[in-house]
Amino acid sequence: MDASSRVNREIDGDRSPSGRTGACLRTKMALPADWLLRHSVVMCLLLHSLVLMTFCFHHAATSCSKSCYCSESENGGKTVRCSNLQLTEIPQDIPNDTMRVYLDFNLIATIPANAFVGLPHLVELDLSHNELRQLEPGAFRGLSSSLRFLDLSFNKLINFNAEAFEGLQAYANLSNNPWHCDCNLQMAMPHVDLETISLTDIVCQTSDPEEIGVQGLAFLLVPDVDLCAVMKRTTDVAMLVVMFCWFTMVISYLVYYVRANQEDARRHLEYLKSLPSRQVNSEESSTISTVV
C-alpha cells in the first residue's frame, strides 16, 4: 500500500464515528494541560511581581537618605551622616534600620511631632549647631526604648518643653542654649525621665523674676531657688483680693436690701405695736355691752 492510500485511509478513519470519538478524547485530554500551563504562567508572573515589589520596598526602607552619607558599622548598624548640608528640616527618607543619625551644622529650626517615629533602632542622634528654637510635643516620640544619646547643644532653645521628650531616658547634651529659667521650667523638670546629669546643662541666660540671681548658673545646681515663689505669692494675694471683693458684694447687697425694705419693715413694726391696744379696746366694748 502506497503512502497516499495510507493517508486517505487515516482521513476516512477520522471522519468515521470512531475516529471522531478518538479526536474528541484527545481534545479533552489536551484541555487540562493547556489550562494548567496558562495558569502556571500567570502564577509565575504574580510571584515574580511580588518578589520584585518586596525587593523594592526593602531597598526603599534600607537605602541611604538622599544627599546623605551612609555607612555600616561592625555590629551591622547603619550610620547616616547629613552634617553641614544646609538642611532646614528633618529628612523623611532616613532608613528605618539606622542606629546613628548626625544632623549637626544645619539650619533646622524646629523638630515636629513624630519626626523620628520610623526609626525604632536609633541609638544616637546629633542635632547640635542648628537653629533650633522649638521642640514640639512628641518630637522624639518612639525613641524612648532605643535612644541613648541626644545632642541639642549650640542651638537657640529658650523654653524647656517636657512634652517634647515624652519618656525619653537618654543622656541629653543641652548646653550652650539661651535658656530662660522661670516657674514653667521648674515645674517641667520633675516630669522628664532624662538622666539627671543632662539637666545640669541648663544654664540660665535669663530668668523670671530677674532679681532672683540665677543668670549664668546651672539651675539644677542652685540651692534653695524657688522660681514659683513669686507666682505663689501673687496667687495668694489674688485669692485674698477675690475673697475681699466677694464679702464686700455680700455686705453691700444686705445693706441695699435692708434700706430698700426699711419702709415696709417700719409698717410691720407699727402694726405689731398696735395689736395689744386694739385687743384692750375690744375687751372694754364687750364689758359695756354686757352691763347694759
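The values are calculated or read from the model by the stated rules, or taken from the named source; none is laboratory data. Quick caveat: nothing in here was measured; it's all calculated off a predicted structure. Heads up, the Cβs are rebuilt from the backbone with ideal geometry, glycines too, and the neighbour counts pull from every protein chain shown. With ligands, DNA and RNA removed, areas are computed over all heavy atoms of the protein, side chains included. Shrake-Rupley method; radii C 1.70, N 1.55, O 1.52, S 1.80 Å.
Could you tell me what a quarter of the Cα convex hull surface of the range 99-162 works out to, in nm² with one decimal place? Spell out each step's value before the answer.
Details: hull surface 15.3 nm².
Taking a quarter of the hull surface, the average projection is 3.8 nm².
Please report the carbon-and-sulfur percent of the accessible area for the range 175-231; probe 1.4 Å, protein heavy atoms only, DNA, RNA and ligands left out. Provide the component values of the computation, followed by the final result.
On the way: 1620 of 3020 Å².
After summing per-atom areas, the C and S share lands at 54 percent.
Principal axes first, then extents: for the Cα atoms of the range 149-189, list largest minus smallest coordinate on each axis, whole Å, largest first.
Projected onto its principal axes, the Cα set of the range 149-189 covers 27, 23, 12 Å.
As an exercise, find the ratio Rg/Rh for the range 118-212 from alpha-carbon atoms, using the Kirkwood inverse-distance average for Rh.
Checking Rg against Rh, the ratio lands at 0.96.
At 1.4 Å probe size, what's the solvent-accessible area of T200? Round to the nearest 10 Å².
Probe radius 1.4 Å; accessible area of T200 about 40 Å².
Using 7 Å Cα-to-Cβ label points, what is the H268/D93 separation (nm, one decimal)?
Between H268 and D93, the simple spin-label model gives 8.8 nm.
Taking 51 Å as R0, compute the FRET efficiency from the Cβ-Cβ separation of D193 and S252 and round it to 0.05.
Values: r = 53 Å, r/R0 = 1.04.
According to the calculation, E is roughly 0.45.
Taking 0.36 nm per intervening residue step and subtracting the Cα-Cα distance, what contour gain separates S144 from Y171 on full extension?
Working: separation 27, 0.36 × 27 = 9.72 nm, distance 1.14 nm.
Residue separation times 0.36 nm, minus the Cα-Cα distance, leaves 8.6 nm.
Using packing as a proxy for protection, rank 151-159, 112-120 so that the peptide with the highest average count of other Cβ atoms within 10 Å comes first.
On the way: 151-159: 17.8, 112-120: 16.2.
Order by mean packing, descending: 151-159, 112-120.
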